[in-house]
Amino acid sequence: MVLPPGRFRTVEGPFAPPIDHQWVPVSRRLAHMRRTVLLTLVVPVVGVVAGLLFTLGWLPGATALAVAVLAVGWGWGVIGRNWRSWGYTERADDLLVVHGAMFKKLVVVPYGRMQLVDVEAGPIERLFGLVTVKLHTAAATTDARICGLAPDEAKVLRDRLTALGEAHAAGL
Amino acid sequence: MEPAPAGPVGEPGRRLHPLTPVALGGRVLGILVVFIAFSGLDSSTGSSSGTSGGGVLPYVIFAAIFAMLIMARGFVAWLTTEYWVESGELRVDSGLLQRRSKRVRLDRLQSVDVLKPLSARVFGLAELRVTTAGTEKASVRLRFVNLGVAQGLRAELLGRSAGLGSGVAEAPEHPLVVVPHGTLIGSVLLQILSWRLVMIVGGSVLLIVESSAGTGRHQAAAGAAVAVLFSVLLILGHTIWRRVSTLWNFTVAESPDGLRIRHGLLSTSHQTVPAGRVQAIRIHQPALWRPFGWAAVEINVAGYAGNRESQNTMLLPVAPRSFAEWLVSRLLGTVVGSVPVMKPPTRARLRAPVWWRYESAGSDGRVFLTSHGVLSRTVEAVPHERTQSVRLTAGPWQRGLGLATVHLDSTRGPVKIRARFRDATEARAILDAQAERSRHARRHSAAPLAAPTPANATTANTGNPLGNGSGPVMPPPIGSLPSRFGPDSVGP
């Protein structure tokens, strides 16, 4: 799969994609959604707190504002890095999902082990046209989900995974 | 829910035992009798302070109504439940207003248990529980049937599940081990003994001794300490009693249809885990067991962990370590001690100061095996064809040191397999290799894990290996196990 040049860091080291594969990125709207949520949650709180502190004097108010701006900036960056860290790729026998900027995770789910494929979209996700695909195996710890997929992509992926799961089905 | 279809033509379903409501109600009655006895004691001691007698009557009425309701429910259950064992499935129809029909595909069943709660045991009844993979909803409980019927059904289900057809007698079994009572009690006591417990008990005893001499506030402190001590001892006693009575007479036997596990003092349980349904296994040695050389063996079985009885993931509550290893080796088809394992790189000490030395992981042709623990030791293993998914994780600290952890996911249960603090490149290599190994193993293992046949077990037939104390090391009959793999997979 050819990716838009420059959009993605090449992942190297232990979390690199398998040979002859590349991480398929998730939609940029995932970062948009999370940043919107961050701002809508933080801005009113900061406004109220800073307003209260400004009544005490300009120094506490300005400090609070600066801290808030820094925190939001940091959160902004983290969301961006987290979004860039998401990726998945389909191999002949298994699906690989990688995510996490700070705490990195790479999960390999064999198609033959998939018990069901869940497609979920919460109200906020729907607002941004995103869905989450979850893969369940008999193990509760599998934790294989792909966030931030476009609905069409998710639908195609779901159908393909279901078909592959049936083709590879293995007993416990 | 649409009404359940009728059974096969001309074949009426089998019914539960008519005493079911009584046995169900009996349990509640028992609990309530104890409760009333306690409240009776309460009111008799409290009667001196004015609020005299008559306090028990409402409880009795409440208890009676409650028990009646339970019994009515049991009666309805008995009235409406029917079951059939058909060619490939067990079918249970139940429900008064909302009929439901559960079908269990016998080739999917994970285990068959016969449970005898005290209230049912009194009437010679038993509960049959058939577990399949998946949630608790997917398992079927027949409460209650005649004990003989339950045993017959178990034999029939397991026989059919193994493809032997109907009408087979229960397969002969071959006892492997009976845990002696003394060893069991000792092990439970030692396992419960912990630093926290010693601190709490020691602290309150100290407080009592220190402050009993004083007056006023000191005495109040002493009183509080006595209360703490009393409640801790009460909880402790209850815990010890529950564990000992559940694991009493723990017997492990093997038979062609799987491992048979029997245990229990008042309420007994008889589980059969078909060979090959063991998803993962671990040998655990709490710190205080190690001077005695004891070890416990626990297993992950799909569909088990959701149930209340946590003890049914226990394969062997206590045994000499050599025996535990022998049993595990036998189940896995590979000698536990012979799996080549490796330690994390030395720089892992910056992440895990002391315990990095005690981490190790490795694999052979059949299993992936890890061990860890400084004081208490745990060895965990999962057969390649039972691995669900493989994960690689690394937090900032580990990544800074170039380390990573590999997780092998198994079904819910006590066994969690992680190779921690590996070199990052090595960890990725393990991840890829395990994905490949389990893919290969899945493809080449249509048959479940080899069932240890009694013919292989002649060496174990010399009696109770625990009885003679030495814990003989018996070589697992690897050579006689049918190979589950292609010719390209090598044993140890």
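Based on what the data block shows, is B:Leu79 outside the structural domain of B:Val278 (by TED's automatic domain parsing), of a type outside the set (Asp, Glu) and under 28 Å from the mean Cα position of the chain (by Cα)?
On the way: outside the structural domain of B:Val278 (by TED's automatic domain parsing): yes; of a type outside the set (Asp, Glu): yes; under 28 Å from the mean Cα position of the chain (by Cα): no.
No: the conditions fail for B:Leu79.
A quick yes/no check of all residues on (1) of a type in the set (A, V, I, L, M); (2) at pLDDT below 90:
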position	(1), (2)
B:Ser139	no, yes
B:His174	no, yes
B:His181	no, no
B:Ile185	yes, no
B:Val198	yes, yes
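Those residues that are more than 7 Å from chain A (Cβ to nearest Cβ), under 22 Å from A:Gly165 (Cβ atoms) and not hydroxyl-bearing (Ser, Thr, Tyr), I need them from region B:380-406; list them, please.
B:Val382, B:Pro383, B:His384, B:Glu385, B:Arg386
Which of the residues that make up region A:47-102 are away from chain B (no Cβ under 14 Å) and under 30 Å from A:His168 (Cβ atoms)?
Passing the criteria: only A:Trp86.
With the checklist (1) in contact with a helix residue (DSSP H, G or I) (Cβ under 7 Å, 6 or more places away or on another chain); (2) without any contact (Cβ under 8 Å) to a residue 24 or more places away in the chain; (3) farther than 23 Å from A:Val37 by Cα in hand, flag the one item A:Leu106 doesn't pass.
(2)
Answer yes or no: is there a residue in region B:73-90 that is among the basic types (Lys, Arg) and in contact with a strand residue (DSSP E or B) (Cβ under 7 Å, 6 or more places away or on another chain).
no
Within region B:414-437, can you find the residues that are crowded, with 22+ Cβ neighbours inside 10 Å, more than 7 Å from chain A (Cβ to nearest Cβ) and small (Gly, Ala, Ser)?
Within region B:414-437, just B:Ala419 meets the criteria.
Is it fair to say B:Ser111 is part of a strand (DSSP E or B) and either within 28 Å of B:Gly258 (Cβ to Cβ) or modelled with pLDDT of 85 or more (or both)?
Judged against the criteria, B:Ser111 is a match.
Being in a helix (DSSP H, G or I) and touching a helix residue (DSSP H, G or I) at 6+ places or on another chain (Cβ under 6 Å) is the filter here, so list the residues in region B:73-97 that pass it.
B:Gly74, B:Phe75, B:Trp78
Quick grid of which residues meet (1) surrounded by fewer than 18 Cβ atoms within 10 Å (Cβ to Cβ); (2) under 23 Å from the mean Cα position of the chain (by Cα); (3) not assigned by TED's automatic domain parsing to the domain that holds A:Ala154:
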| residue | (1), (2), (3) |
| --- | --- |
| A:Arg34 | no, yes, yes |
| A:Ala50 | no, no, yes |
| A:Trp58 | yes, no, yes |
| A:Ala62 | yes, no, yes |
| A:Val67 | yes, no, yes |
| A:Arg91 | yes, yes, no |
| A:Leu96 | no, yes, no |
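Which one of these does B:Thr405 not meet: (1) buried (at least 18 other Cβ atoms within 10 Å of the Cβ); (2) at pLDDT below 90?
All conditions pass for B:Thr405, except number (2).
If B:Pro291 passes every condition in (1) closer than 26 Å to B:Arg422 by Cβ; (2) surrounded by fewer than 24 Cβ atoms within 10 Å (Cβ to Cβ) but one, which one does it miss?
Going through (1) closer than 26 Å to B:Arg422 by Cβ; (2) surrounded by fewer than 24 Cβ atoms within 10 Å (Cβ to Cβ) one by one, B:Pro291 breaks only (1).
So which residues in region A:122-145 are among the hydrophobic types (A, V, I, L, M, F, W, C) and within 14 Å of chain B (Cβ to nearest Cβ), if there are any at all?
A:Leu135, A:Ala138, A:Ala139, A:Ala140, A:Ala144
Of everything in region B:416-444 that's touching a residue at least 40 places away in the same chain (Cβ under 8 Å) and among the aliphatic types (A, V, I, L, M), which residue is farthest from B:Arg347 (Cα to Cα)?
B:Ala441
Out of everything in region A:148-171 that is closer than 30 Å to B:Asn300 by Cα and away from chain B (no Cβ under 14 Å), what residue ends up being modelled with the lowest pLDDT?
A:Glu166
List every residue pair whose Cβ atoms lie under 6 Å apart, where the two residues are 6 or more positions apart in sequence or sit on different chains, the first residue falls within region A:131-150 and is at positive phi, and the second residue, located anywhere, is outside any strand (DSSP E or B).
A:Gly148/A:Val26; A:Gly148/A:Ser27; A:Gly148/A:Leu30; A:Gly148/A:Leu130
In region B:318-384, which strands (runs of 3 or more DSSP E) lie fully inside it and hold 1 or more residues that are at pLDDT below 90 and surrounded by fewer than 21 Cβ atoms within 10 Å (Cβ to Cβ)?
Output list is empty.
Determine if region A:104-121 includes at least one residue that is more than 14 Å from every other protein chain (Cβ to nearest Cβ), over 29 Å from B:Thr405 (Cβ atoms) and not charged (D, E, K, R). Before the answer, list the steps.
So in region A:104-121, the residues more than 14 Å from every other protein chain (Cβ to nearest Cβ) come out as A:118-121.
If we keep only those that are over 29 Å from B:Thr405 (Cβ atoms) as well, we get A:119, A:121.
Narrowing the set further to residues that are not charged (D, E, K, R) leaves A:119, A:121.
There is at least one residue in region A:104-121 that is more than 14 Å from every other protein chain (Cβ to nearest Cβ), over 29 Å from B:Thr405 (Cβ atoms) and not charged (D, E, K, R).
The values are calculated or read from the model by the stated rules, or taken from the named source; none is laboratory data. Because the structure is predicted, anything quoted here is derived from the model rather than measured. We place every Cβ from the backbone using ideal geometry, glycine too, and count neighbours over all the protein chains shown.
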